[in-house]
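Student: Before I ask anything, here is the structure I am working with.
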Amino acid sequence: MIICSCNAISDQSVRASLTGENSPRTPGAVYRCLGCRPCCGRCFATVRAIIDETLSQSGAASTEAGAAASAAMALLDTNRDGHAQGACGQDCASCAA
Ligand code: FES
């Protein structure tokens, strides 16, 4: 199922990125791992839930909930009007994606 409409990322892609010893532990790191950047941020909670679920199943714990949200939001670019701007360069406020 697609969980990030801005980047067409599926829950399976997120889960796959979380395997391995040095796998991402924050939503921002997941985006970087998948070669994209967050745009609108609507999917952050879902990505975080998948991270927490996956890590709890593997015995690891996500300890960076608040910091991760801040870091992920810091990845958002803003244009001159202060609107979020995606990796595509378009203003997210006017993007239909
Ligand atoms: S839905 Fe994922 S960044 Fe917009």
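The values are calculated or read from the model by the stated rules, or taken from the named source; none is laboratory data. Owing to the predicted nature of the structure, the values given are computational and were not obtained by experimental measurement. Reconstructed Cβ throughout: ideal geometry from the backbone, glycine too, with neighbour counts over all protein chains shown.
Student: I'd like the residue in segment 38-51 that is among the β-branched types (Val, Ile, Thr) and crowded, with 24+ Cβ neighbours inside 10 Å and, out of all such residues, is nearest to Ser10 (Cα to Cα).
Tutor: Val47
Student: Ile3 fails exactly one of the following numbered conditions: (1) modelled with pLDDT under 90; (2) within 9 Å of the ligand (Cβ to nearest atom); (3) of a type in the set (A, V, I, L, M, F, W, C). What is the number of that condition?
Tutor: With (1) modelled with pLDDT under 90; (2) within 9 Å of the ligand (Cβ to nearest atom); (3) of a type in the set (A, V, I, L, M, F, W, C) applied to Ile3, the lone miss is (1).
Student: Determine whether segment 52-62 contains at least one residue that is loosely packed, with under 12 Cβ neighbours inside 10 Å, of a type in the set (Ser, Thr, Tyr) and modelled with pLDDT under 85.
Tutor: yes
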